[in-house]
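*Asks:* The structure under discussion is supplied below as structure tokens; questions concerning it will follow.
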Amino acid sequence: MAGTDIAIDLGTSTVKIYVEKKGIVLIEPAVLAVDIATDRIIALGEEAYKMIGRTSERTAVIRPMSNGVISDFGLAQEFIRYYLKKLHSSRVFMPRVVVSIPCSITEVEKRAVVDAISSTGVRKICLIEEPVAAAMGAGVDISKPHGSLVVDIGGGTTDMAVISLSDIAISSSMQVAGRTFDDMIVKYIRRKYNLLIGERMAEEAKIAIGCVYPQKETRVFRAKGRNALTGLPQWADITSDEMLEAMIEPAMQIVRRIQETLESTPPELMADVYEDGIILTGGSAHLAGFDTLISKKTKISVRVAEEPENCVANGAGKAIRYIDDMENKEYGVLNPLSAVY
């Protein structure tokens, strides 16, 4: 393993690590549990995720990533170091890393990502914008002079971009994504049933029956929590029609942003997008009816990529072979990587 190049998808909800020639070898929730009294990390990843909503006052469950960027530098550093150490036992020859970043990230936020990863001792860090990585992971040949519109709906951000000649022609990013849907479900169930549910229950409901377009078959999910008035345990059977009511507002915000991006797209690229359709990636692409909703509102066909939640990690992994080209600026070589540190 020592010295093997890797790619990291630092998501708000999940961290994925891709190892060259092996594929994705690690998928863990981007969560840590910290002892408030001593500032010591108690658990990471899946182990910490199980503690959400079940901790004492002494323990805090923290997400070091927020809206696609680092919100707690120290914890993010520890988090990345722990998983890289798990993969690479050798300290002598550390790997080169490709990291995916949202397309609207500021220089300060970019630097925080680079510093957090470089502190683990890696040799070189290359950045790739998430829509570019998502397009590569979805199997699009981005090197051609041909426009492709990719919409990546992750946990913290939705990134969309028209990509041509291995670069972004026009892009947009918004902080409405998977976590927003969870929040809307929590608020809706409280408002309608006086039932307080946690983040995990909302996510389970979203995965089980979440939809953003009317479904032929009505599905039911039992949400359990606490009555807001009596404080006693309570449950409610939520239908997929109610989930549609709860989730349609953020879904329409994403659709409106896609429409705005299309309005700003140059005519030649627009013709390509209309011909090929929109590619939907990211974990929230699994939401029932999202492709239909976007297609109806934009009048363009929409396809959900294969394994949409892994497109960014797989695309960043495919971009590993371009690391050498960042230094050897050969004539005719178009590079999807945006920066090297």
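*Asks:* Run lengths n ≥ 4 of DSSP H only: what is the helix-derived mean residue ellipticity at 222 nm for the chain, with -39500 (n - 2.57) per run over all residues, to the nearest 500?
*Replies:* That calculation yields -10500 deg cm²/dmol at 222 nm.
*Asks:* Taking loop as defined by DSSP and a crowding limit of 10 other beta carbons within 10 Å, which GluC sites (Glu not before Pro) in the stretch 53-124 fit?
*Replies:* 57
*Asks:* Across the stretch 216-233, in residue order, what do the Karplus-derived ³J(HN,Hα) couplings come to in whole Hz, using 6.51 cos²θ - 1.76 cosθ + 1.60 with θ = phi - 60° and x for Gly and Pro?
*Replies:* Once rounded to whole Hz, the list reads 5, 10, 7, 10, 10, 10, 8, 8, 10, x, 10, 5, 5, 8, 8, x, 8, x.
*Asks:* Let me ask something else. Helix hunt in the chain: which complete DSSP H runs extend at least 18 Å axially by C-alpha with mean Kyte-Doolittle at least -0.5?
*Replies:* 73-87, 240-263
*Asks:* Tally Lys and Arg at +1 and Asp and Glu at -1 over the other residues with C-beta under 11 Å from the C-beta of residue 286: what net charge comes out?
*Replies:* Residues close to residue 286 contribute a combined charge of -2.
*Asks:* May I ask what percent, to the nearest 5, of DSSP beta bridges between residues of the chain are antiparallel?
*Replies:* 70
*Asks:* Return one quarter of the surface area of the convex hull spanned by the alpha-carbon atoms of the stretch 178-246, equal to its mean projected area, in nm².
*Replies:* 4.0
*Asks:* Next up: Non-local amide H neighbours of residue 169 (under 5 Å, H modeled in plane, Pro and chain starts lacking H): which ones?
*Replies:* Result for residue 169 returns 162, 163, 164.
*Asks:* Which Cα, out of 4, 323, 48, lies furthest along the positive dipole direction of the chain (beta carbon charges, K/R +1, D/E -1)?
*Replies:* 48
*Asks:* Determine which lysines satisfy two conditions relative to residue 144: a Cα distance under 30 Å, and not lying fewer than 8 residues away in the same chain.
*Replies:* Cross-link targets: 16, 21, 22, 110, 124, 296, 297, 299, 318, 329.
*Asks:* I'd like to compare 305-315, 39-49, 66-76, 227-237: which one has the highest average count of other Cβ atoms within 10 Å, and what's the full order after that?
*Replies:* 305-315, 66-76, 39-49, 227-237
*Asks:* Something else now. To the nearest 20 debye, what is the magnitude of the charge dipole of the chain about its Cα centre, counting +1 on the Cβ of each Lys and Arg and -1 on the Cβ of each Asp and Glu?
*Replies:* That gives a dipole near 980 debye.
*Asks:* Calculate the dipole size of the stretch 178-246 relative to its Cα centre from +1 charges on Lys and Arg beta carbons and -1 charges on Asp and Glu beta carbons; express the result in debye to the nearest 20.
*Replies:* Roughly 180 debye for the stretch 178-246.
*Asks:* Show me the ranking of peptides 243-252, 280-289, 264-273 by mean Cβ neighbours inside 10 Å, starting with the highest.
*Replies:* In descending order of packing, they fall as 280-289, 243-252, 264-273.
Every number here is computed from the coordinates shown, using simple stated rules; none is lab data. Here the structure is a predicted model, which is why all the values come from computation and not from measurement. FYI the Cβ positions are ideal-geometry reconstructions off the backbone, even for glycines, and counts take in every protein chain you see.
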